[in-house]
Amino acid sequence: MRILHHFAARVLTAGLSFAVVWLTARYLGAAGRGQVSLFFTDVSGLVLLTGLVGGSSLIYLVPRRNVWHLLPPAYGWAVVVSVAGAAVVQLLRPVTLEYTLHLAAVTLAQVLLSINLFLLLGRKRERDYNVLTTAQAALLAGALALAFGAAHWLSIRAYYYANYLAYGLPWLISTIMLLRLPDAWRSRRARRRAAARELARHSRGAHLSNLLTFANYRFGYYAVAYLASARELGVLSVGVALAEAIWLIPRSTALIQYVALVNAADKHGQTYAALRGSRLTLLATAAAVAVLAAVPASWLAAFFGPEFGAAHGVILALAPGILINGAGMQASTYFSGMARYRVNNRASLLGLAVTVPVSMLLVPRLGMVGAALGMTASYTASVAYLFWHYRRALRATWPDLLPGRADWQWLIGKAREQLSTRNKP
């Protein structure tokens, strides 16, 4: 039931995120959507850098550490990276001072909220995590709908200010929730320093793979921005957003698996659950990919605007990679929960070594479709490496990783159990 509740929240959040994609595409056009995508990609990159002292490692450490030992170093690093990172972007690219200031501010707002949410999730406050994550997405979509539809403010500035509201209000609420935790405010300075060192050590190992994975996911965006056009980047971002929305399935199961694994006394006892979760996730992801690939280009053009019918080609090029990487997320989560970060790091590095030359070769020739093919090639290389080690770690055969009759029977049994429970007076 925990997975189902979390999955329902992720579905709702994904729907609201999709609304943001639709609003920016419909009202700003392909070029405007390209600007939004590049800004969002810059923010995401800086957010990942802040995870070098924080990030998902907070979930791993907070069950055993005082919240107020972990929060100050995570907040301090967030400020440093947000400001310095935005300044570096201005040096590397011809952007305005306004862009740089908004980049630093939006990044900081997003990171402070994510730190609070990770701390709550690590304390098994999953309901609060889901509510606040959904509220953030709803605030962003609602603010953009008012700005674009009601106020006719058709500018990327509307997107900047909508982010302040969407991340600022949930951050305030989550801070109040943290203040209500029983953790003591005052403690020995030595303990605070030890917690900060432990956080930095775990974060570096856990987060390097996230940085490399982000490069795999988004190198194609920068390649299209520099080698093609903002319009093609806008169309690419819509196709990628639709395809990656499917990952809410593996990400939901992976996150719950991670929380269960880091809190389990017998980590190796989670083997059977991990294998079954991987198989069921692969099954659900394959069904979702098949449905998305069947959506015709004319529907995309009618829904997002005439310029976005070409996103169908992006979806087809990405479909195999979306399925493969969705399956790989379970293996990656397993190694993170076991603190075997080197496996994930090597897999991500292998993917990056593939996506850079493939994208540089294909984008000048095929544009946004070439970038999508580069992503698929990257995911295939990374997941092949992950699954090789995943199978050996769990002492499983290759058929153990694929869905079978037993998984269908388990699903049917769970469905019948839920129906019988609901029908009871």
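Numbers below:
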{"item": "Test: T285 is open to solvent by less than 40 Å² (accessible area, probe 1.4 Å), at pLDDT below 75 and farther than 26 Å from V363 by Cα", "result": "no"}
{"item": "Residue in the stretch 417-425 that is open to solvent by less than 40 Å² (accessible area, probe 1.4 Å), over 30 Å from R231 (Cα atoms) and either at pLDDT 95 or above or not in a helix (DSSP H, G or I) (or both) present", "result": "no"}
{"item": "Qualifying residue in the stretch 25-35 (condition: open to solvent by 30 Å² or more (accessible area, probe 1.4 Å), out of contact with any Leu (no Cβ under 6 Å at 6 or more places or on another chain) and free of Cβ contacts under 8 Å to residues at least 40 places away in the same chain)", "result": "no"}
{"item": "Residue list for the stretch 36-66, restricted to those being over 14 Å from L113 (Cα atoms), surrounded by 22 or more Cβ atoms within 10 Å (Cβ to Cβ) and of a type outside the set (A, V, I, L, M, F, W, C)", "result": "S37, D42, S57, Y60"}
{"item": "Search result, residues across the stretch 339-355 that are in contact with a helix residue (DSSP H, G or I) (Cβ under 6 Å, 6 or more places away or on another chain) and either at pLDDT 90 or above or not polar (S, T, N, Q) (or both)", "result": "Y341, V343, A347, L349, L350, G351, L352, V354, T355"}
{"item": "One residue from A137, A147, A166 being free of Cβ contacts under 8 Å to residues at least 24 places away in the same chain, surrounded by 18 or more Cβ atoms within 10 Å (Cβ to Cβ) and assigned to a helix (DSSP H, G or I)", "result": "A147"}
{"item": "Candidates M360, M375, filtered to the one that is part of a helix (DSSP H, G or I), open to solvent by less than 40 Å² (accessible area, probe 1.4 Å) and of a type outside the set (D, E)", "result": "M375"}
{"item": "Test result for P320, closer than 21 Å to S37 by Cβ, in a helix (DSSP H, G or I) and not acidic (D, E)", "result": "no"}
{"item": "Selection within the stretch 25-51 - farther than 26 Å from T285 by Cβ, of a type in the set (V, I, T) and modelled with pLDDT of 90 or more", "result": "V36, V43"}
{"item": "Options P94, P72; residue that is surrounded by fewer than 20 Cβ atoms within 10 Å (Cβ to Cβ) and outside any helix (DSSP H, G or I)", "result": "P94"}
{"item": "Members of the stretch 306-320 found to be within 14 Å of R231 (Cα to Cα) and either open to solvent by 10 Å² or more (accessible area, probe 1.4 Å) or without any contact (Cβ under 8 Å) to a residue 60 or more places away in the chain (or both), listed by number", "result": "P306, E307, G309, A310"}
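The values are calculated or read from the model by the stated rules, or taken from the named source; none is laboratory data. Keep in mind that this is a model prediction, so the values were computed, not measured. Note that we place each Cβ from the backbone using ideal geometry, even for glycine, and neighbour counts take in every protein chain shown. Side chains are part of the model used for accessible areas, which takes the heavy atoms of the whole protein and leaves out ligands, DNA and RNA. Shrake-Rupley method; radii C 1.70, N 1.55, O 1.52, S 1.80 Å.
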